[in-house]
Amino acid sequence: MFELVSKSSNVSSSVSWGWRKLLSIRNTIRPFIWYKIGNGCKVSAWFDTWDANGPVMPHVSNRAIFNAGFTPQDSVADMVHGSEWRWPQSWFEDKLVWKSIDGSFKDFSVSEAWQSIRKRSNEVSWHRSGLFDKINKKKMSVSLFYAQDEEYKCIENDRDEENKCTEKQSR
């Protein structure tokens, strides 16, 4: 019923010039080509635009389609039984996910977020040297906390001294 053609497939030279030109701009014109659903038998449930969200395929994986008992050749009519949609209930549940750097959707994690947004550069030769392995990280973090606290106290003392000087000068 529906023929799956790769976007990168070469168009035969037996196809007319007009069709070749239309195929070359298909990504530009695709948002303007819609199906108005009648009985739904000729409209691909996955690849055609018949809903405001566009084709379903970018939102559902092949694995999910097969796991739900559907095939890529199913029409919109195949998705309806009586007056009810046959979509699995889990497809209707809203879930916030993270789109990783490779384009796949994953459950959110700080690690995944960091891997996606961090600046990447070449590895340095000393990164596995063991320099930081011998440091007691708990003692280091406590020391850094106290150092930061002392620095804060010094800044507060400096502000107090400046305020005293300003008060003396204004008298």
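The values are calculated or read from the model by the stated rules, or taken from the named source; none is laboratory data. Keep in mind the model is a prediction, meaning the values are calculated, not measured. Glycine also receives a Cβ, built like all others from the backbone with ideal geometry; neighbour counts cover every protein chain displayed.
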(request) Being in a helix (DSSP H, G or I) and of a type outside the set (A, V, I, L, M) is the filter here, so list the residues in the stretch 12-56 that pass it. (result) Trp17, Gly18, Trp19, Arg20, Lys21, Ser24, Arg26, Asn27, Thr28, Arg30, Pro31, Phe32
(message) Based on this model, can you work out whether Ser141 counts as among the hydroxyl-bearing types (Ser, Thr, Tyr), modelled with pLDDT of 70 or more and in a helix (DSSP H, G or I)?
(response) yes
(request) Could you look through the stretch 103-126, keep only residues that are closer than 18 Å to Val60 by Cβ and among the charged types (D, E, K, R), and pick out the one that is surrounded by the most Cβ atoms within 10 Å (Cβ to Cβ)? (result) Lys106
(request) Enumerate the pairs (first residue in the stretch 22-43 and without any contact (Cβ under 8 Å) to a residue 60 or more places away in the chain; second residue anywhere and loosely packed, with under 10 Cβ neighbours inside 10 Å and in a helix (DSSP H, G or I)) with beta-carbon separation below 8 Å, excluding pairs fewer than 6 apart on the same chain, so at least 6 apart or on different chains. (result) Leu22/Ile29
(message) Here are the criteria: (1) in contact with a helix residue (DSSP H, G or I) (Cβ under 7 Å, 6 or more places away or on another chain); (2) among the basic types (Lys, Arg); (3) closer than 30 Å to Ser116 by Cα. Tell me which single one Arg86 does not satisfy.
(response) (3)
(request) For Trp114, indicate whether it is in contact with a strand residue (DSSP E or B) (Cβ under 7 Å, 6 or more places away or on another chain) and not assigned by TED's automatic domain parsing to the domain that holds Lys36. (result) no
(message) Is it the case, given these coordinates, that Val76 is touching an Asp or Glu at 6+ places or on another chain (Cβ under 9 Å), under 20 Å from Tyr35 (Cα atoms) and β-branched (Val, Ile, Thr)?
(response) yes
(message) Given the options Glu84, Glu93, name the one that is surrounded by fewer than 10 Cβ atoms within 10 Å (Cβ to Cβ), modelled with pLDDT under 85 and within 30 Å of Tyr35 (Cβ to Cβ).
(response) Glu93
